[in-house]
Amino acid sequence: AGAGGGGGGWEGVVPVSNLEKVFFPETGETKGDLLAYYARMAPCILPWMRDRPLVLKRFPNGVRGKAFYQQSAPGEVPEGVRVEQLIGEDGEKQARFVGGNLSTLLYTIQLGAISYDPWHSRVEAMESADYTVIDLDPGPGATFATVIAVARRVRDEMDRLGLHGALKTSGSSGVHIYLPLAPGTPLEAATLVAQIVATCVADRHPDIATVERMTRRRPRGTIYVDYLQNILGKTIAGVYAVRAREGATVSTPLGWDELSDELDPHAFTMDTVPDRVDRMGDLWPAAMAEPNSLERLIGG
């Protein structure tokens, strides 16, 4: 398959195979359908992958087959696929995929990845971030309506603190709230911003929100307001990523005005999201355009 366009430098040709293999048995979508989705959505995806190391979770036989994580890139990759030697947690260099061009994206899908999961930092500044994430993760007994309620409380808290954020479904059962930051923000500061917001929400609304890290200690029916996804090497499904779930659900940007009790996160799928973007436009760039001022937060 040709992999031209989409930004990120020269693109090569990515060989693909097993296009008819069914990856999502419940709805029948194939590996070929998945590749076609990512090729179509690449202009919306690639800017947010650029220069970020990728973690692969490979599903070579689809969502019902065995899966495994792959941190390092193989020794040989097609021309145009970006691989960089990066220092790992053990201090040793490791070859890693780095996102930003279509060849790299499609090659990871050819290997059996379904989602794409970028680091929050970029290769040229591994200890820095240009956003921070709050992951709303429902626990046992919690409904998506409760997720919506907590998301509204997060927005209220951001307003109170003079902050703003971008909203997307997780593609699973939660939502992700991104707070754009100035490039070069230390990871520790980025994590602290998310921690302040999350802790304030949990303190004010303990009936529906918690920051308790131990699952068994979380009150039943509450939403875990997770700020710890921001530390070095942690990843979260990227914007417009297809999730490895039956139904081929997609992590989809939302307007804050779309938060309603009737919102169905499973309505955003590999089939429906491209048409939504054609109809409504891509909501993510405008939502992420203006960095938050941490000086205002510290001063407040």
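The values are calculated or read from the model by the stated rules, or taken from the named source; none is laboratory data. All values derive from a computational prediction rather than experimental measurement. Cβ atoms come from the backbone with ideal geometry, glycine included; neighbour counts cover every protein chain shown.
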Exactly one of these conditions fails for Gly171: (1) on the phi > 0 side of the Ramachandran plot; (2) more than 19 Å from the chain's Cα centre (by Cα). Give me its number.
(2)
Identify, from the list Thr132, Thr108, Thr104, the residue that is buried (at least 20 other Cβ atoms within 10 Å of the Cβ), under 23 Å from Ala182 (Cβ atoms) and of a type in the set (Val, Ile, Thr).
Thr132
Quick test of your reading of the structure: Ala145 fulfils all but one of (1) out of contact with any strand residue (DSSP E or B) (no Cβ under 9 Å at 6 or more places or on another chain); (2) within 30 Å of Phe68 (Cβ to Cβ). Name the failing condition by number.
(2)
Which one is farthest from the chain's Cα centre (by Cα), of the residues in region 113-126 that are under 14 Å from Ala241 (Cα atoms) and in a loop (DSSP other than H, G, I, E, B)?
Ile114
Looking at (1) modelled with pLDDT of 95 or more; (2) touching a strand residue (DSSP E or B) at 6+ places or on another chain (Cβ under 6 Å), find the lone condition where Ser103 falls short.
(2)
Could you list, in sequence order, all residues of region 127-177 that are of a type in the set (Gly, Ala, Ser), in contact with a Pro (Cβ under 9 Å, 6 or more places away or on another chain), under 17 Å from Pro291 (Cα atoms) and assigned to a loop (DSSP other than H, G, I, E, B)?
Gly165
With the condition being within 14 Å of Gly233 (Cα to Cα) and outside the structural domain of Glu26 (by TED's automatic domain parsing), I'd like the strands (runs of 3 or more DSSP E) fully within region 40-101 carrying at least 3 qualifying residues.
none
